[in-house]
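Participant: Take a look at the following structure, please.
Just so you know, all these numbers are worked out from the coordinates, no wet-lab data involved. These numbers come from a predicted model, not from an experiment. Backbone-built Cβ (ideal geometry, glycine too); neighbour counts: all protein chains shown.
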Amino acid sequence: MRAWQTRAPGPLSRRPLHLTERPQPAPGPGELLVAVAACGVCRTDLHVVTGDLPVHRPGVVPGHEVVGEVAATGAGVSRFRPGDRVGVAWLRETCGACAYCRRGAENLCPHSRYTGWDADGGYADLTTVGEEYAYRLPPGYSDAELAPLLCAGIIGYRALRRADLPPGGRLGIYGFGASAHLTAQVALAEGATVHVLTRSAGARRLALDLGASSAGDAYAAPPEPLDAAVLFAPVGDLVPVALAALDRGGTLAVAGIHLSDIPALDYQRHLFQERTLRSVTSNTRQDGRALLRFAGEHRLRVAVTPYPLDAADRALADLEADRVTGAAVLVP
Ligand SMILES: [Zn+2]
Ligand SMILES: [Zn+2]
């Protein structure tokens with residue numbers, strides 16, 4: 001099978017990814033072998049490939065927004081059968097026994113493992129997943145439309161919950177890529193007023209088209225104070241900007257796994273009046289099921305830019321340069 005391997009993480013100009021021919025993986029006990037029909041290209045893949053994130057598995061195959069068909073099952077599999085359409089996401093394994101797992105916060109499990117970082121992911125013709133971590137997918141979407149839901153959608157959904165947006169509240173969204181354009185639709189469907197702040201003119205057009213009340217530059221003030229905000233752009237400089245845009249008691253959730261340095265905060269301008277700054281770490285399987293259920297009940301518009309599997313390096317370069325509107329998706 002074809003698979004992209006991360007040889008030596010570093011800048012994309014040094015071509016850290018290589019397209020290789022490898023033997024097919026075999027599903028272990030409790031695992032599914034999945035024939036990849038679509039794999040989303042996530043900013044986290046960029047962090048894995050360029051070395052922003054430490055190497056967990058040398059030569060790893062990136063990709064954790066996989067939609068495919070079960071091609072074979074390992075010993076003891078009972079929830080899925082060959083031919084089922086499944087989703088493979090970032091959260092790959094948790095211990096189930098630690099204090100975090102036992103209190104329903106498996107996203108914080110210190111023993112957790114991740115697809116496309118600790119184990120080979122979906123930039124390939126085939127991949128594997130434990131059946132306990134595979135998702136059933138809602139009908140009414142193409143494979144390429146479903147792929148971005150599996151990380152961009154799920155993480156955005158958790159970030160929105162972490163932002164504590166009150167019913168009918170005013171939400172600010174900083175950065176407007178794959179995750180943000182799905183999160184905005186969830187918030188709008190739930191009755192929020194959404195203001196989008198992003199440097200990309202194309203993304204601002206998409207935001208207004210999807211129903212945002214305003215779309216301005218990332219560093220501009222929104223037209224009204226915000227009850228909650230989610231920072232999707234991996235830009236620490238925007239943290240004080242977004243905190244200053246919050247109304248009293250507002251919450252800013254930072255959605256990314258990686259953020260550039262946050263400049264010094266001014267207590268009065270950025271935090272006093274009970275403003276809250278929160279991070280978002282991965283997600284639980286419950287978050288994943290909730291987002292996919294929501295997507296089954298509300299038809300989300302998923303803006304997809306397809307690339308052939310052979311062009312994964314180009315897709316990552318386009319993502320890094322903000323040349324992708326919506327979500328880039330590899331289609332083998
Ligand atoms: Zn655990
Ligand atoms: Zn991701």
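Participant: After finding the eigenvalues of the alpha carbon gyration tensor for the stretch 170-227, what semi-axes result from the square roots of 5 times each, listed largest first in whole Å? Display every interim value, and only then the final one.
Facilitator: Working: eigenvalues 44, 37, 15 Å².
Semi-axis lengths for the stretch 170-227 are 15, 14, 9 Å.
Participant: I would also like to ask the following. Over what distance in Å are the Cα centres of the stretch 170-245 and the stretch 262-276 separated?
Facilitator: Value for the Cα centre distance between the two parts: 20 Å.
Participant: Report the rotationally averaged projected area of the stretch 154-279 based on its alpha-carbon convex hull, in square nanometres.
Facilitator: Result: a mean projected hull area of 6.5 nm².
Participant: What list of whole percents do you get for P(r) of the chain, with Cα-Cα distances grouped in 10 Å bins up to the one holding the largest distance?
Facilitator: All Cα pairs, binned at 10 Å, distribute as 6, 27, 35, 23, 8, 1 percent.
Participant: For a protection proxy built on the mean count of beta-carbon atoms within 10 angstrom, sort 30-36, 63-69 highest first, please.
Facilitator: So the peptides 30-36, 63-69, ranked by packing, come out 63-69, 30-36.
Participant: Could you list Asp227, Asp84 in order of exposure, starting from the residue whose Cβ has the fewest other Cβ atoms within 10 Å? Mind showing how you got there, number by number?
Facilitator: Working: Asp227 22, Asp84 16.
With the fewest neighbours first, Asp227, Asp84 line up as Asp84, Asp227.
Participant: So what's the gap between the Cα centers of the stretch 104-146 and the stretch 38-68, to the nearest angstrom?
Facilitator: 12
Participant: Further, regarding this structure: Using the 2.2 N^0.38 Å rule of thumb for compact globular proteins, work out how the stretch 206-283 stacks up: its C-alpha Rg over that value, please. Each step should come with its number before you reach the end.
Facilitator: Details: Rg = 12.6 Å, N = 78, 2.2 N^0.38 = 11.5 Å.
For the stretch 206-283, the normalised Cα radius of gyration comes out at 1.09.
Participant: Compute the semi-axes of the equivalent ellipsoid of the stretch 216-332, taking the square root of 5 times each eigenvalue of the Cα gyration tensor, and list them largest first in whole Å. Walk me through the numbers on the way to the answer.
Facilitator: On the way: eigenvalues 189, 73, 38 Å².
Semi-axes, largest first: 31, 19, 14 Å.
Participant: Turning to a different aspect of this structure: Where does the stretch 90-220 land on the Kirkwood hydrodynamic radius, alpha-carbon pairs, in angstrom? Spell out each step's value before the answer.
Facilitator: Details: mean 1/r = 0.0599 Å⁻¹.
Hydrodynamic radius (Kirkwood, Cα only) of the stretch 90-220 equals 16.7 Å.
Participant: Antiparallel DSSP bridges in the chain: what percent, to the nearest 5? Please report the intermediate quantities before stating the final value.
Facilitator: Numbers: 30 of 57 bridges.
Of all bridge pairs located within the chain, approximately 55 percent are antiparallel.
Participant: So for the stretch 1-150, averaging the separation of alpha carbon pairs under 8 Å that are six or more residues apart and normalising by length, what relative contact order in percent results? Don't skip to the end; give the middle numbers.
Facilitator: On the way: 362 pairs, mean separation 45.6, N = 150.
Here the relative contact order equals 30 percent.
Participant: Enter the per residue convex hull volume of the stretch 1-133, computed from alpha-carbon coordinates, in Å³ rounded to the nearest integer. Kindly include the intermediate steps, with their values, before the conclusion.
Facilitator: Details: hull volume 14.0 nm³, N = 133.
With only Cα atoms used, the stretch 1-133 gives 106 Å³ per residue.
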